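What follows is calculated from the coordinates using simple rules that are stated; it is not laboratory data. In this text the structure is predicted, and so the values were computed from the model without any measurement. Cβ atoms come from the backbone with ideal geometry, glycine included; neighbour counts cover every protein chain shown.
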Amino acid sequence: MANYDLDTIRHSSAHLMAQAINRLWPEANVQFGVGPVIDTGFYYDVEMEHRLTEDDLKNIEAEMKKIIKEKLPIERKVMKRDEAVDFFDNMGQTLKVELIKDIPADEEISCYQQGEFIDLCRGPHVENTRELPPSFKLLHVAGAYWRGDEKRQMLQRVYAASFKDKKELKEYLHNLEEAKKRDHRKLGKELELFHFEDVAPGSPFFMPKGTIIYNELVEFMRRVYRKFDYQEVITPQILDSDLWHTSGHYDHYKENMYFSKIDEREYAAKPMNCPCHMLMFKHYKYSYRDLPMRYADFGRLHRYEKAGAVSGLTRVRTFCQDDAHIFLELDDIQKEIQKLMEMFFVCYKHFGFKNIKVNLSTRPEKKAGDDETWDKAENALTEALKQSGHEFFIKEGDGAFYGPKIDVEIADALNRYYQLGTIQLDFQLPERFGLKYVNREGNESQPVVIHRALLGSLERFIGVYIEHVAGAFPFWLAPEQVVIVPVKNDNHLEFATQLKNELKDLGFGVRLDDRNESMGYKTRQTQKAKVPFMLVIGDKEIENQSVSIRSYGAKFSTSISIEEMKEKFLELAKEKVPVELR
């Protein structure tokens with residue numbers, strides 16, 4: 001077998017799946033859309049009256065494996081555009097005809113044929129179907145609008161995993177099952193952290209336990225801010241649309257904003273904090289001695305997301321960011337970004353994220369400002385990253401409309417990457433708002449602004465982190481840190497209640513489980529709730545002034561004195577602050 005790259009295998013496998021569908025439903029006039037390669041395999045969009053089921057997917061897989069054994073040659077055919085239009089039109093493939101008509105008239109059309117099946121495709125492909133490894137798995141079917149347009153017809157998108165060998169496929173499918181167990185939507189409900197209601201689509205309701213985690217993250221960032229000289233501010237949520245015209249969001253971001261009429265004037269719920277911080281800086285007179293000035297804001301934000309885009313906590317319509325804006329002189333950019341990178345890496349590693357990627361996103365097609373200003377901004381970020389010593393990758397055209405940015409991605413326990421932190425360099429908003437400070441020569445200069453978020457949306461971070469730790473939060477962040485279980489009699493309960501109060505006075509989250517249930521049941525419930533520690537109180541513990549302690553996931557309990565236990569908990573609580581910042 002030839003040594004094909006994985007993309008070629010996956011692309012050829014997409015054609016294999018389409019051919020199998022065509023064979024299984026020959027009278028259905030199946031319309032084929034597009035079948036691209038994705039990170040873990042491929043998908044194909046099909047239009048057919050029959051709604052594909054899980055059993056259908058198994059049958060399609062079996063048919064694909066039959067076609068592999070047929071060793072059908074895969075041959076490239078080239079047609080002129082008009083010829084290709086007629087060819088696919090005669091086949092009744094109207095979706096393919098639409099795609100072909102979008103190709104310039106003077107371009108040749110590339111197709112690939114295997115047996116009775118032919119498809120529009122640039123290639124490359126394997127030489128024959130026997131060259132394809134049977135290490136694929138059809139996963140599920142989802143709805144997808146044709147060409148991503150919600151006004152067009154809904155197609156069935158068949159997703160498949162595909163790898164070079166069965167070992168890689170098995171590992172991926174194992175991680176997929178593990179991901180289902182870790183799904184933050186599932187765990188959020190089971191652990192009573194948050195839920196959603198129809199009255200507020202895409203807007204989470206945080207229950208008491210979830211709110212403890214939420215507030216602890218805010219306090220964590222506040223402790224970090226004190227170390228890195230940030231000042232917290234509070235800004236309004238509803239602002240006159242004139243502000244959004246000034247900032248440029250009205251022109252570049254309007255479709256994602258919520259608007260309302262108040263006193264015959266148009267207002268908008270803020271989708272971001274930056275225009276408010278510009279006004280705050282402009283309101284007072286500052287000199288170079290006051291810079292860098294770092295405003296941090298935990299204000300609630302609202303952004304419209306299409307119904308099909310919202311997903312648990314990772315894509316919501318209302319959220320809070322650990323947001324900050326830094327006003328500084330041009331010469332201080334490199335030093336400030338190096339400081340930011342230190343801050344980012346210390347915090348991410350504290351949460352247990354080991355694999356971290358840094359990306360530099362350059363100017364998008366739809367941007368504000370001239371190319372000269374963008375050149376200056378991109379060069380400043382590039383040089384700052386080089387000086388920081390961190391490896392980074394270029395993401396062309398992925399910057400914000402007002403400036404280039406550094407995006408930081410972290411890998412979770414299943415090695416899935418998420419973009420959390422961002423550092424965006426902005427020359428546009430200071431100019432739009434006419435910001436000035438007095439420089440060293442006593443003249444007025446325009447500051448540069450860095451937009452910065454570390455955890456990003458707290459809602460999204462909680463969703464990502466729940467899946468990273470599978471709902472088992474570290475002691476300092478757990479909504480319930482300790483459950484105390486008296487064995488049976490009143491004496492045990494009295495001692496347990498006294499211990500609960502002592503631990504609460506030390507600042508720990510403690511629950512006393514005095515329900516009339518068996519010890520086995522209480523133990524199972526405590527483990528299911530993923531509480532870091534369970535303490536059992538019986539005659540022996542009272543006599544020895546000790547507890548029987550069992551940590552989450554442990555099979556056995558151990559005996560420890562009450563004073564040792566308190567010292568242990570106090571030591572674990574120090575993790576509220578990363579060791580590098582203590």
Practice item. Show that you can apply the helix-only estimate: for the chain, add -39,500 (n - 2.57) for every DSSP H stretch of four or more residues, divide by all residues, and state [θ] at 222 nm to the nearest 500. Key: -11500 deg cm²/dmol
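For the range 339-472, with only Lys/Arg (+1) and Asp/Glu (-1) charged at the beta-carbon, what is the dipole magnitude about the Cα centre, in debye rounded to 20? Spell out each step's value before the answer.
Details: 17 positive and 20 negative charges, 84 e Å.
Approximately 400 debye in magnitude.
For the range 246-369, take N as its residue count and report Rg(C-alpha) divided by 2.2 N^0.38 Å.
Numbers: Rg = 17.7 Å, N = 124, 2.2 N^0.38 = 13.7 Å.
With N residues counted in the range 246-369, Rg over 2.2 N^0.38 Å equals 1.29.
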Study note, to complete from the structure: Taking a ≥ b ≥ c as the square roots of the eigenvalues of the Cα gyration tensor, with a/c under 1.5 meaning rounded and otherwise prolate when a/b exceeds b/c and oblate if not, the range 301-355 is oblate
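When the Cα atoms of the range 482-580 are enclosed in a convex hull and the volume is divided per residue, what value in Å³ results?
On the way: hull volume 10.0 nm³, N = 99.
Dividing the Cα hull volume of the range 482-580 by its residues yields 101 Å³.
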Point to revise | Measure of compaction for the range 6-182 (Cα Rg per 2.2 N^0.38 Å) | key: 1.03
Point to revise | the range 437-508, dipole about Cα centre (Lys/Arg Cβ +1, Asp/Glu Cβ -1), debye to the nearest 20 | key: 140 debye
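Which pairs break 31 Å Cα to Cα here: Lys209/Lys386; Lys164/Lys386; Lys528/Lys574; Lys180/Lys227; Lys69/Lys170; Lys164/Lys306?
On the way: Lys209/Lys386 42 Å; Lys164/Lys386 36 Å; Lys528/Lys574 26 Å; Lys180/Lys227 38 Å; Lys69/Lys170 22 Å; Lys164/Lys306 36 Å.
Too far apart for the 31 Å limit: Lys209/Lys386; Lys164/Lys386; Lys180/Lys227; Lys164/Lys306.
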Practice item. Mind checking which aspartates and glutamates have their Cα closer than 17 Å to the Cα of Lys576? Skip sequence neighbours fewer than 8 apart in that chain. Key: Glu216, Glu219, Asp322, Glu480, Glu567
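Among Ser557, Ser287, Ser135, which comes first, second and so on when ranked by fewest other beta-carbon atoms within 10 Å?
So the residues, fewest neighbours to most, are Ser287, Ser557, Ser135.
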Practice item. Of all alpha-carbon pairs in the chain, indicate the percentage at a distance above 36 angstrom. Key: 52 percent
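Given Cα pairs under 8 Å that are at least 6 residues apart, what percent is the relative contact order of the chain? Provide the component values of the computation, followed by the final result.
Details: 1020 pairs, mean separation 58.5, N = 582.
Once divided by the residue count of the chain, the mean separation gives 10 percent.
Ser561: net charge of surrounding residues, Cβ under 11 Å, Lys/Arg +1, Asp/Glu -1, itself excluded? Write down the numbers at each step before the final one.
Numbers: positive: Lys566, Lys568; negative: Glu541, Glu563, Glu564, Glu567.
With Lys, Arg at +1 and Asp, Glu at -1, the neighbours total -2.
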